[in-house]
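The values are calculated or read from the model by the stated rules, or taken from the named source; none is laboratory data. Every value quoted in this text rests on a predicted model; they were computed, and no experiment measured them. Here the Cβ positions follow ideal geometry from the backbone for every residue, glycine too, while neighbour counts run over all protein chains shown. Accessible surface is based on the protein model in full, side chains and every heavy atom, while ligands, DNA and RNA are left aside. Shrake-Rupley method; radii C 1.70, N 1.55, O 1.52, S 1.80 Å.
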Amino acid sequence: MGKNVGKDSEDYGKKWVKKDEERENVYWPTDRLKEKCHISDKEIYEKAKKDPHNFWSKKAKDMFDWFEDWDEVMEWNPPYFNWFLDSKTNLSYNCLDRHLKDKRNKAAIIWEPEPLEEEKRILTYQDLYRKVNKFANKLKELGVEKDDPVTFWMPMIPETAIAALACQRIGAWHSIVFTAFSPKAVKQRMEDAGSEILITVDGFYRRGKTIELKEQINETLDEIEAENCIVVQRAETNPSMDQERDHFYDELMNKSEEYCEPEPIDAEDTGFLLYTSGTTGKPKGIKHSCGAYGVQAALTMKWIFDIHENDVFFSTADIGWITGHSYSLYGPLALGATQIWYEGSPDYPKPDRLWKIIEENGVTQFYTAPTAIRALRKEGDGWVEKHDLKSLRILGSVGEPIDTSTWKWYFEKVGGGRCPIVDTYWQTETGGILLTSLPGVGPFVPGVAGPPLPGIGYDVLDATGEPVKEEESGEIVIDGPYFGPGMLRGIYKNPEKYEEEYFSEFGEEVYFSGDGGVKRELEIGGQNLIEVTGRIDDVLEVAGHRLGSAEIEDAIDNLDEIMESAVVGKPHDVKGEVPAVFAVLKQGETGSDELRDKIVKIVREEVGPVATPYAAYFVTDLPKTESGKIIRRFLKGLVRDEELGDMTTASNPSCLSELAEKVGYNG
Ligand code: 6R9
């Protein structure tokens, strides 16, 4: 087999997808892929539609071990709902204990550190199980109880998975904060959740640099009088430690009991919080369940990535985002799969790092965001051509719409024209994937996510709430009560916001996603494919990362020179979009490069480097409605050089000519 070691020789380099003979840009699974896939018959859509709740109930029993069964599958009191009532399970048990019988020595996580000279680490299911048990006991000793929030500011290292599973084991809720958010963002999230414990690292490696987290967060820990901080030593830095409050992870683990009984958790109890940006105000704590969420993560993982025993799954999603939770942690582990975790930057030390990881580990399914594909493509085809990627069977895309040109490059260059691309549309709120074509069913169309998953009631509505016709665009919604079980169970401590943000646009029975879409004529199993066109509200998608215009504006408005600001997404060839700032200055102030630098600095401090503005325009007024709301639609049109549409709703249309001039608008 030569260099094809460890790959399934029968499948090596096979074509898994073929072109539609009549239609351009439409691809179908080959017979061989259909034979291989868990789902290969479009009838599943029809079957699920007959009784979606019963469908999910059966699947939940197949997928998970339950300590106690449910009497009722779903309860719906619009806009609230519960699944699998009164049942009990534990996510850590389902990800670990039940695999020990036949997968004890199987690799659960293959960890690739960023520095090339460092050896990769492999954790088997047994290793992970032991460490999770020990760490769970330590959390208990430190006073963490069921329903306590535990905040993480952690990179992609195995200890992050260990700590998250340990929380699940004892019923504590993790709230994981992305490492490119600032200490202030950590503080805000700890305060909102009432969290008294933080788990972090001394530092970690990113693009060859050491990013020190503990040193950066000390002040915050003092300010909020945190009770405990656990520090994983990853980067051999020497952080200052508070004798009483701070503990090194290794020291805790050296003296810990081996076994921790998994807490039986009600399927509806909170499993974790994850803060995400909404249309207004501060990030909100999205509350996810434990058992019901886990079922959707596991089932979508099995169907969409078609996981089999010898597969090696690689998601590049960071644990700080929902994709990292569902498909870099719970989904793969619930299935007993082997997966790769990579610590660092996709282009370090060279732009072929991801391709090298795929080749060396015989990765079978690869999941990433269009922004990463665009960035690596820009570096030239040579980097990808250097590597043998024939082990790949399925490619995935997530986080933002994928344009046709990027899709084709991904398909041809990375997948060798052999692999289907599952373009998976979903959100932090939905917990798991909602729209995508299934690999064994198809079809795969560049730029079109696909039909809703079996058992999900999706639609595209016009402004009056009527379903749009084929090939028309509108707003993407989920028809209650046909949500998947992974759907959010509320916003932590803020039910009003939950109702207002998701269940007010089209009434309390319809979940409004905030995204626009086109209902395509092409259908499968009676379901139209949906093309997602992007956010129609004030949420930005920067390099596939979700940010709220309000958070960035709040940061900028702290500057003395600035009276008011508005932030919108400006198109960017790699990142999809980047924040562009319109700032109205206070009397007597003048716009300058120094002020631009100040804006960048304060956004990085308050929100984090992930939100760094790319442009700042100093203007005398912002377009507003009669009631004083900023009309961001105009600003978006300006930075995108698009038609501005009806301007009669503005109370001050005269400001537009100045704005157009500053932006260099030609539209
Ligand atoms: C999973 C995730 C959610 C927003 C969502 C939409 C955009 C995600 C997409 C996509 C087009 C896809 N989005 N997947 N747009 N095609 N395949 O990214 O969650 O961070 O909450 O962002 O991302 O705009 O509303 P989250």
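With θ taken as phi - 60° and the Karplus curve 6.51 cos²θ - 1.76 cosθ + 1.60 applied, the whole-hertz 3J(HN,Hα) list for the range 332-342 is x, 6, 4, 8, x, 8, 9, 9, 9, 10, 10 Hz, x standing for glycine and proline. Excluding residues on the same chain fewer than 8 positions from K187, give the aspartates and glutamates whose Cα lies under 15 Å from its Cα. Here the aspartates and glutamates satisfying the reach criterion relative to K187 are E196, E215, E219, D222, E223, E225, E227, E551, E605, E606.
Taking max minus min of the alpha-carbon positions on each principal axis, the range 422-571 gives extents of 58, 34, 29 Å, largest first.
If you take every DSSP beta bridge fully contained in the chain, what fraction is antiparallel? Give it as a percent rounded to 5. Write down the numbers at each step before the final one.
Values: 64 of 105 bridges.
Among the beta bridges of the chain, antiparallel pairing accounts for roughly 60 percent.
Roughly speaking, what % of Cα-Cα pairs in the range 348-444 are separated by over 21 Å, rounded to a whole number? Tail of P(r) above 21 Å: 30 percent of Cα pairs. For K413, the lysines whose Cα falls under 17 Å of its own Cα, not counting residues fewer than eight places away in the same chain, are K14, K15, K18, K19, K356, K378, K386, K390.
Taking 0.36 nm per residue of sequence separation and removing the Cα-Cα distance, the R207/K356 pair yields an extension gain of 52.0 nm. Net length available on complete extension from E509 to R23 is 171.2 nm, with 0.36 nm assigned per residue and the Cα-Cα distance removed. Taking the DSSP bridge list for the range 540-663 and keeping only pairs wholly inside it, about 75 percent are antiparallel.
The length gained on full extension between V574 and D31, counted as 0.36 nm times the residue separation minus their Cα-Cα distance, comes to 191.9 nm. Karplus-derived 3J(HN,Hα) values for the range 260-272, using 6.51 cos²θ - 1.76 cosθ + 1.60 with θ = phi - 60°, are 10, 4, x, 5, x, 10, 4, 3, 9, 5, 5, x, 6 Hz; glycine and proline are entered as x. Pairs from the list K49/K519; K408/K601; K282/K570; K184/K598; K282/K598 with a Cα-Cα gap above 26 Å: K408/K601.
Once the C-beta distance of E309 and L116 is scaled by a Förster radius of 41 Å, the resulting FRET efficiency is 0.85 to the nearest 0.05.
Taking every pair of Cα atoms in the range 540-663, average 1/r, invert it to obtain the Kirkwood radius, and report Rg/Rh to two decimals.
Rounded to two decimals, Rg/Rh equals 0.94.
Size descriptor for the range 198-264, Kirkwood hydrodynamic radius: 13.2 Å (Cα pairs only, one decimal). Considering the chain at the alpha-carbon level, its Rg and Dmax are found to be 24.4, 74 Å.
Note on K49: accessible area is roughly 130 Å² with a 1.4 Å probe, heavy atoms of protein only.
Under a plain spin-label model, where a point goes 7 Å from the Cα along Cα-to-Cβ, how far apart in nm are S405 and N666? Result: 1.6 nm between the two label points. By DSSP, the beta bridges lying fully in the range 293-432 are antiparallel in about 0 percent of cases.
Rounded to the nearest 20 debye, the dipole magnitude of the range 540-663 is 260 debye, with +1 charges on Lys and Arg beta carbons, -1 on Asp and Glu beta carbons, and the Cα centre as origin. Helices meeting the span-like rule in the chain (full DSSP H runs, Cα extent of at least 18 Å along the helix axis, mean Kyte-Doolittle score of 1.0 or higher) are absent.
Among G474, Y129, W56, which residue has its Cα furthest toward the positive end of the charge dipole of the chain, with +1 on Lys/Arg Cβ and -1 on Asp/Glu Cβ? Highest projection toward the positive end goes to Y129. Here the range 627-667 is scanned for amide nitrogen atoms under 12 Å from the site 7 Å beyond the Cα of D557 along Cα-to-Cβ, giving 629-630. Note down the net charge around D69, summing +1 for each Lys or Arg and -1 for each Asp or Glu among other residues with Cβ under 15 Å from its Cβ. After counting each charged neighbour, the total is -4.
Calculated mean residue ellipticity at 222 nm for the chain: -8000 deg cm²/dmol, from DSSP H runs with n ≥ 4 weighted as -39500 (n - 2.57), summed, divided by the residue count and rounded to 500. Straight-line reach from K138: taking Cα to Cα under 19 Å and skipping same-chain neighbours fewer than 8 places apart, the lysines in range are K146, K255. A simple charge model with +1 on the Cβ of Lys and Arg, -1 on the Cβ of Asp and Glu and nothing else charged puts the dipole of the chain at about 2300 debye relative to its Cα centre.
Reported value for the range 196-235: 52 Å³ per residue, from the convex hull of its C-alpha atoms. Round to a whole number: what % of the accessible area of the chain belongs to carbon and sulfur, probe 1.4 Å? That share works out to 43 percent. Counting only heavy atoms of the protein chains and using a 1.4 Å probe, T30 has close to 20 Å² of accessible surface.
Averaged over its residues, the range 540-663 has an accessible area of 46 Å² per residue, based on protein heavy atoms and a 1.4 Å probe.
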